[in-house]
1. Hey, any idea what % of the chain's accessible area is carbon plus sulfur with a 1.4 Å probe?
2. Collect residues whose amide H, placed 1.01 Å from N in the peptide plane, falls under 5 Å from the amide H of Arg9; neighbours closer than 5 in sequence don't count.
3. Which entry in [x] 3, 11, 17, 22, 22, 15, 8, 2, 1, 0; [y] 3, 13, 19, 19, 13, 10, 9, 7, 5, 3, 1, 0; [z] 3, 14, 24, 20, 15, 12, 7, 4, 1 is this structure's computed P(r) over Cα pairs in 5 Å bins from 0, in percent?
4. Mind ordering 30-40, 58-68 by average Cβ neighbours within 10 Å, highest first?
5. Would you mind getting the accessible area per residue of segment 9-82, heavy atoms of the protein chains only, 1.4 Å probe, in Å²?
6. Go ahead and estimate [θ] at 222 nm for the chain from helices alone: -39,500 (n - 2.57) per DSSP H run with n ≥ 4, summed, over the residue count, rounded to 500.
7. What percent does the relative contact order of the chain come to when contacts are Cα pairs within less than 8 Å and at least six residues apart?
8. Could you compute the FRET efficiency for Trp14 and Phe63, with r as their C-beta to C-beta distance and R0 at 22 Å, rounded to 0.05?
Amino acid sequence: QIWERLGMRPVGFWTTPIGEAEGSELTYLLAWKSFDDREQRWGAFQADPTWKQVKAESEEGGFLVAGIRNQLLAPTDFSALG
């Protein structure tokens, strides 16, 4: 709901059933209109009071996330998502 309110567009969410991170990894892909759009919306998300409250409450018993990897991807000319 926070992402929707801030105009963020999730493309999909995946777990890792096989591999090094089996059962412990969540990957998601967000679509952006541009790099500037990403900077503005991600910054607004990080500063959002509702997100800060939800995050703090979810981490009362300890961190839920061991690590975060952030990548920006550019579609190729032959990508179905281009």
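The values are calculated or read from the model by the stated rules, or taken from the named source; none is laboratory data. These numbers were taken from a predicted model, which means no experiment stands behind them. Using ideal geometry, Cβ is built from the backbone for each residue, glycine included, and neighbour counts are taken over all protein chains shown. Protein only, heavy atoms only, side chains kept; ligands, DNA and RNA dropped before computing areas. Shrake-Rupley method; radii C 1.70, N 1.55, O 1.52, S 1.80 Å.
1. 55
2. Long-range HN contacts for Arg9: Ala31.
3. Recomputing P(r) over Cα pairs in 5 Å bins from 0, in percent here picks out [x].
4. The most tightly packed comes first, giving 30-40, 58-68.
5. 87
6. -9500 deg cm²/dmol
7. Working: 52 pairs, mean separation 18.1, N = 82.
Normalised by residue count, the contact order of the chain is 22 percent.
8. 0.55
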